Amino acid sequence: MKSFNPSFFAVENFLQRKETFDCLPEQARDVCHIAFNVNDAYVKMAGVTCISVLENNKDMYFTFHIFTDGCSDENLERIRQVAEQWQCRCIVYILHIEPFLGFHIKVKRFVKITYARLYMPKILKAYTSRYIYMDSDMMCIASLQDVWHMDLQGKAIAAASEMPHTVADRSAFLKLKTQTYFNSGFMVIDIPAWEKGQITERAFSYQGEPPTRFLGHDQDVINLVVDGDIVFLPRIYNQLGGDTEEDDRVIIHWTGRRKPWLMVLTRFDEQWRHYLDISPWDGITNIEPIKKPENYHDFKQWGKIQRSRGNRWGYFVGLFWYSWLRIRYKLNI
């Protein structure tokens, strides 16, 4: 296990600069703090998530903290517009990526900045004692009042469990004593408890470990550190997969490859597109999966949904493109 001098964790070693867009009304009280970590390509998605929160929580005030390894001037301007239009505060933190380079990456589509969530409390304790972390592939569709004010019982984290098969696989592989495993896409963080447990320092000790030590990325690391010593949230706060159409959810989470900016299958996909349309970012017109060989699996899911809705023609179209694109993918053509 790797060890670091305490001075390594100084904020100046991690934070290059920050941009603040503060349009909170003077009367703002009990401000809810929400944090994201994204690269520049996903700032847009985090922005849409922010708008979904704002549109469904008009009785609350918000500060959004966006941690990134780079943010274009265009995205900064869009974030400024969000702060101005919805009267909230948005702070963008441009981080040095070097302190995170020792962490492993198992899947190519993931990037090192995903590990920033392990460091956030060191910066955010200057603003708040509690915050909500959200992945950028999420959408809020109901009030956050209850979860924002919940009793964390002295724990550092509240989060929802992963699906049962994932819990069984990951907890066994990681040799977790509690045989639990949570999804880190939505977490309520108590910063004093986090700091008391030295969670950041213990998480960084896993730098340099071989990728074969893990099945995932930072989610594995944080589960190893806390090993179930959290408050478990009900599924309504982290509906995994994004395929539900149940109304009693609070957070929809498009885990996996299928995302609402790539195709529209459910009414929640449509709702996400609506929040994009009212955002400062450009909208998306396509609703079908993108016809690229690497996306063949999307058409299988598309076909299943069409069949469940009685659209046999849509099912056969999905099956055709799934088969053809899969052949192209396997043959690399």
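Seen from ALA156, the other residues with C-beta closer than 10 Å to its C-beta sum to a net charge of -1, counting Lys and Arg as +1 and Asp and Glu as -1.
Charges at C-beta only: +1 for Lys and Arg, -1 for Asp and Glu. How large is the resulting dipole of segment 195-333 about its Cα centre, in Debye rounded to 20? Don't skip to the answer; put the middle values down first.
Numbers: 20 positive and 19 negative charges, 204 e Å.
Charge dipole of segment 195-333: 980 debye, to the nearest 20.
By the scheme Lys and Arg +1, Asp and Glu -1, what is the net charge of all other residues having a beta-carbon under 12 Å from that of SER184? Don't skip to the answer; put the middle values down first.
On the way: positive: ARG117, ARG170; negative: ASP135, GLU162, ASP218, ASP220.
It works out to a net charge of -2.
Candidate cross-link partners of LYS122 among the aspartates and glutamates, defined by an alpha-carbon separation under 13 Å and a same-chain spacing of 8 or more, comprise GLU12, ASP190, GLU195, GLU201.
The distance between label points at ASP229 and ASP22 comes to 3.6 nm (points 7 Å beyond Cα on the Cα→Cβ vector). Considering only PHE110, PHE232, PHE299, the Gaussian network model of the chain with Cα springs below 10 Å gives its largest mean-square fluctuation to PHE110.
Derived scalar couplings between HN and Hα for segment 161-175 equal 5, 5, 5, x, 5, 5, 4, 4, 5, 5, 5, 5, 5, 7, 6 Hz in order, rounded to whole Hz, by the Karplus curve 6.51 cos²θ - 1.76 cosθ + 1.60 (θ = phi - 60°), x for Gly and Pro. Only bridges with both residues in the chain count here: give the DSSP antiparallel percent, nearest 5. Just about 50 percent of them are antiparallel.
Spin-label model, THR266 to GLU74: label points 7 Å out along the Cα-to-beta-carbon direction sit 3.1 nm apart.
Fully extending the segment from LYS2 to GLN87, taken as 0.36 nm per residue of separation minus the present Cα-Cα distance, adds 26.3 nm.
Rounded to the nearest 20 debye, the dipole size of the chain about its Cα centre is 1380 debye, using +1 on the Cβ of Lys and Arg and -1 on the Cβ of Asp and Glu.
One decimal place: the segment GLU55-THR178 gains 40.5 nm when fully extended, by the rule 0.36 nm per residue minus the C-alpha distance. Largest GNM mean-square fluctuation across LYS125, LYS44, LYS58, computed for the chain with C-alpha springs under 10 Å, falls on LYS58. Within the accessible area of segment 210-293, the carbon and sulfur atoms contribute 50%, probe 1.4 Å, all protein chains present.
When the chain is treated as a GNM with alpha-carbon contacts under 10 Å, the residue of VAL107, VAL53, VAL250 showing the greatest mean-square fluctuation is VAL107.
Amide H contacts for VAL231 (H built 1.01 Å from N in the peptide plane; partners 5 or more residues away or on another chain; cut-off under 5 Å): ILE157, ALA158, ALA159.
Using 0.36 nm per residue and subtracting the Cα-Cα separation, the extra length available between ARG202 and ASN311 on full extension is 34.1 nm.
With runs of 4+ DSSP H residues as the only contributors, calculate the mean residue ellipticity of the chain at 222 nm using -39,500 (n - 2.57) per run, divided by the residue total and rounded to the nearest 500.
That calculation yields -10000 deg cm²/dmol at 222 nm.
Taking label positions 7 Å along the Cα-Cβ direction at both THR244 and LYS330, the computed distance is 3.6 nm, reported to one decimal. Ligands, DNA and RNA are left out, and with a 1.4 angstrom probe the accessible area of segment 178-333 is 47 Å² per residue. In order along segment 55-66, the phi-based Karplus estimate (6.51 cos²θ - 1.76 cosθ + 1.60, θ = phi - 60°) of 3J(HN,Hα) comes to 5, 9, 9, 6, 9, 10, 10, 9, 10, 9, 10, 10 Hz; Gly and Pro are listed as x. Cross-link reach is defined here as a Cα-Cα straight distance under 28 Å, omitting same-chain residues fewer than 8 places apart; for LYS259 the lysines meeting it are LYS44, LYS58, LYS106, LYS108, LYS112, LYS291, LYS292, LYS300, LYS304, LYS330. Convex hull of alpha carbon positions in segment 165-224: directionally averaged projected area 4.4 nm².
The values are calculated or read from the model by the stated rules, or taken from the named source; none is laboratory data. Every value quoted in this text rests on a predicted model; they were computed, and no experiment measured them. When we count neighbours, we look across all protein chains shown, and the Cβ atoms used for this are built from the backbone with ideal geometry, even at glycine. Remember, those area values only see protein heavy atoms, side chains included, never the ligands or the DNA or RNA. Shrake-Rupley method; radii C 1.70, N 1.55, O 1.52, S 1.80 Å.
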